[in-house]
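The values are calculated or read from the model by the stated rules, or taken from the named source; none is laboratory data. If you're wondering where the values come from, they're calculated on a predicted model, not measured in any experiment. Cβ: placed from backbone, ideal geometry, glycine included. Neighbour counts: every protein chain shown.
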Amino acid sequence: MELKHVFKSFDGKAVLSDVSLLFPEGQISCLFGPSGRGKTTILRLLAGLEQPDSGTVDGVGDRRVSVIFQEDRLLPFCTAEMNVSVAAPGVDARLWLEKVGLADDAGKYPTQLSGGMCRRVALARALAYDGAVFLMDEPFKGLDREMKLRMMELVRRSLRGKTALFITHDLEERDFLGDSVIGFE
C-alpha cells in the first residue's frame, strides 16, 4: 500500500500536505503520534472512504479489507454473535467471540455490553472477516491493560504475514505490534 504526494483538506484546512508513505506487504505498519495529524484520514483514504485532493493512493485495489474504526460501529439490533456473522457469513462467530473472551455473551445486544466488550466484538468481527489487508484505528481503545495485552497477542497471531496499518497513541501497543513505525509529530 502506498500514498504518493497526497494532499487532503477539509473545509479549506489542510490535513495532509504532500504525504508519501509506503506500507510494506506482509507487515504491520504503525502510524504513531498525537491526535489531529491526519492518521485517521490516511486510513480512510486507504479504505476508499475518502479521496485525495491530489496525489495517488495505491495498493489496496480490490483486495478484501478488514477495518476497525475508532468507533465500534456495531449493529444495535443484532446480538454480539450476529454482529460477527453479518460481517463474516459462514465463519464460526462463537469461536471468534471465544477468542476475545465473550463466548458467554454471544446472545447479548450492544446495549447490554460494556464499552470494552463492544470493542472486543468489533475486533472479533474484523478478525473473522479475515481480510487480505487490515486497517485498524485505535483497536484497543477502552480496554483495561490485561485485556489489551490479550487482544494485542490475538491480533499479532491473527495478522502474521498479512498487510496491516495500525494507528495508536500508545507506546506499548506501538512497540508490541509495529513491524515498522511511522511517527507523526
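Within the stretch 151-166, is there a residue that is buried (at least 19 other Cβ atoms within 10 Å of the Cβ) and of a type in the set (D, E, K, R)? No: the stretch 151-166 contains no residue that is buried (at least 19 other Cβ atoms within 10 Å of the Cβ) and of a type in the set (D, E, K, R). So Asp104 passes all but one of these: (1) without any contact (Cβ under 8 Å) to a residue 24 or more places away in the chain; (2) surrounded by 14 or more Cβ atoms within 10 Å (Cβ to Cβ); (3) more than 25 Å from Asp170 (Cβ to Cβ). Which condition number does it fail? For Asp104, the failing item is (2).
All conditions in (1) at pLDDT 95 or above; (2) in contact with a helix residue (DSSP H, G or I) (Cβ under 9 Å, 6 or more places away or on another chain); (3) surrounded by 13 or more Cβ atoms within 10 Å (Cβ to Cβ) hold for Pro76, with the sole exception of (3).
One line per residue, one yes/no per condition, for (1) surrounded by 12 or more Cβ atoms within 10 Å (Cβ to Cβ); (2) under 13 Å from Phe134 (Cα atoms); (3) more than 15 Å from the chain's Cα centre (by Cα):
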site	(1), (2), (3)
Asp11	no, no, yes
Val15	yes, no, yes
Leu21	yes, no, yes
Ser29	yes, yes, no
Gly36	no, no, yes
Ala47	yes, yes, no
Val57	yes, no, yes
Val60	yes, yes, no
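Each residue in the stretch 153-181 was checked for being in contact with a Lys or Arg (Cβ under 6 Å, 6 or more places away or on another chain) and of a type in the set (Gly, Ala, Ser), and 0 of them qualify.
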